[in-house]
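Q: First the structure, which I've put down as structure tokens, then a few questions once you've had a look.
The values are calculated or read from the model by the stated rules, or taken from the named source; none is laboratory data. Every value quoted in this text rests on a predicted model; they were computed, and no experiment measured them. Cβ atoms come from the backbone with ideal geometry, glycine included; neighbour counts cover every protein chain shown.
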Amino acid sequence: MMVRDDRRFLNHRARELIRVMMPTLAGEELTAMAQMWSELVWFRDPPDHARLRQFMNKGFTPQAIEGLRPAVRAIAREALAAAREKGEEIDIVEDLADPIALRTITSLFDVPPDDRPTFRGWITTLFKGAGGAAMAEDVTNRIKEHTSAMLNYIAALAERRRADRGDDVISRFWADEGAPSREDIVLQSYQVIVAGYRTSMNQIANTIWTLLRHPAELERLRDDPRRMKGAIEEALRYEPSVVVTNRLAAEDVELGGKRIKKGELVFPILPAANRDPLAFPDPDRFDITRTGPRHLSFSMGHHYCIGAPLVRVEVEEALAALLEIPRWEPGSGPCLLGDYNLSDRGPKTLPMRLLAS
């Protein structure tokens, strides 16, 4: 499979991807952006990828993520309680998915609460550059500006953590025996925060949206909460928040009857594999008791998503809080799809009524 074939399909593709996404960049600007992106673990090939992933794993051990569960549970219930004070109809995106995702990822990095809205703005801008679509010059300029601002903020945060360690991810990065560089810590923290907020928010909303559209499956989950993990995995398969990854062809390759030339960018569509009828019988059916192979929504191989356990915890705690309410139903307004691209896939608004009986 392409996403696991590190010989024929490379991850070190930042310059080529930027040329596609930011066609207005050239010269020194292109070189500077490509250099920065090339240092992100997402764009690294072995053995450099293994070195970076090893120290990043220290911040996302299963124990660390599971230890975060009580905090995520409290965040979910606080957000839901605040939303219900407005009335029986809430917006799942604004009132639940967004605060869970934003507060969780910023808490992991011990970002002060007053700075969370700033991070939301930066990341919303940066995700306009995700997915591989070409951007207008004004969008590119905002991405450059917000990238610089966010990196400067994280660099200052990293310096404070070097002098005064805590229990946050950056402090755990500094404590790694591999002695990661300051640049590694700043850049990989940047990548984790950007991806960790937006994709988690979308996956929470996508999971709830999917259950709303399949009320029989929602009732099966209510009848037996032990089906929770299966429901989450099926929602990840059926309605993932990320559609595409990308690779650079290292040589001429023929794949599926198509010829891919050396140096071309290739965009594997991960949910296409999730709907493969050879792997998933009746793949267009949403079934929370489905068994079989694992979906590819977090990719696979070396680049399996480091934040996958955290996303699962966030979705599970959001659902657990909602399932304490006897009945849900679609709200009075429409579910509006966001202006998302292939790496930012989720509803912009999701009105839902929460009923006592």
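Q: Within the group Ile105, Ile92, which residue is surrounded by 22 or more Cβ atoms within 10 Å (Cβ to Cβ) and more than 16 Å from the chain's Cα centre (by Cα)?
A: Ile92
The rows are residues; the columns are (1) more than 18 Å from Asp6 (Cα to Cα); (2) touching an Asp or Glu at 6+ places or on another chain (Cβ under 8 Å); (3) modelled with pLDDT of 95 or more.
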residue	(1), (2), (3)
Leu221	yes, no, yes
Ile232	yes, yes, yes
Ala235	yes, no, yes
Tyr238	yes, no, yes
Asn246	no, no, no
Lys258	yes, no, no
Val266	no, no, no
Leu278	yes, no, no
Asp284	yes, no, yes
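Q: If you don't mind, there's one more thing I want to ask. Can you report the number of residues in the range 275-313 which are assigned to a helix (DSSP H, G or I) and in contact with a Ser or Thr (Cβ under 8 Å, 6 or more places away or on another chain)?
A: The number of residues fulfilling the criteria is 3.
So that you can scan it fast, the table gives a plain yes or no per residue for (1) out of contact with any strand residue (DSSP E or B) (no Cβ under 7 Å at 6 or more places or on another chain); (2) among the charged types (D, E, K, R); (3) surrounded by fewer than 20 Cβ atoms within 10 Å (Cβ to Cβ); (4) under 23 Å from Ile18 (Cα atoms):
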| site | (1), (2), (3), (4) |
| --- | --- |
| Pro47 | yes, no, yes, no |
| Gln54 | yes, no, yes, no |
| Ala74 | yes, no, yes, no |
| Asp110 | yes, yes, yes, no |
| Asp115 | yes, yes, yes, no |
| Thr125 | yes, no, yes, yes |
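Q: A follow-up question, please. Suppose we filter the range 253-286 for residues that are in contact with a helix residue (DSSP H, G or I) (Cβ under 6 Å, 6 or more places away or on another chain) and more than 15 Å from Arg8 (Cβ to Cβ); how many remain?
A: Summing the residues that are in contact with a helix residue (DSSP H, G or I) (Cβ under 6 Å, 6 or more places away or on another chain) and more than 15 Å from Arg8 (Cβ to Cβ) in the range 253-286 gives 2.
Q: Please report, ordered by residue number, the helices (runs of 4 or more DSSP H) entirely within the range 143-253 with at least 3 residues that are in contact with a strand residue (DSSP E or B) (Cβ under 9 Å, 6 or more places away or on another chain) and crowded, with 21+ Cβ neighbours inside 10 Å. Give the steps one after another, and end with the answer.
A: Details: elements: 169-174, 182-213, 215-223, 228-238.
Those helices (runs of 4 or more DSSP H) span 182-213.
Q: Scan the range 26-46 residue by residue and report those that are under 14 Å from Ser148 (Cβ atoms) and either without any contact (Cβ under 8 Å) to a residue 12 or more places away in the chain or more than 19 Å from the chain's Cα centre (by Cα) (or both).
A: Those that are under 14 Å from Ser148 (Cβ atoms) and either without any contact (Cβ under 8 Å) to a residue 12 or more places away in the chain or more than 19 Å from the chain's Cα centre (by Cα) (or both): Glu29, Ala32, Met33, Gln35, Met36.
Q: A follow-up question, please. Out of curiosity, is Val111 under 21 Å from the mean Cα position of the chain (by Cα) and not in a helix (DSSP H, G or I)?
A: yes
Q: Could you give me the residue pairs with C-beta distances under 8 Å whose first residue belongs to the range 275-291 and is closer than 10 Å to Tyr238 by Cβ, whose second residue is part of a loop (DSSP other than H, G, I, E, B) and among the aromatic types (Phe, Trp, Tyr) wherever it lies, and which are 6+ apart or on separate chains?
A: Note: pairs meeting the criteria are Arg290/Phe280.
Q: Gly263 - would you say it is farther than 25 Å from Pro46 by Cα and either more than 22 Å from the chain's Cα centre (by Cα) or crowded, with 17+ Cβ neighbours inside 10 Å (or both)?
A: Answer is no for this residue.
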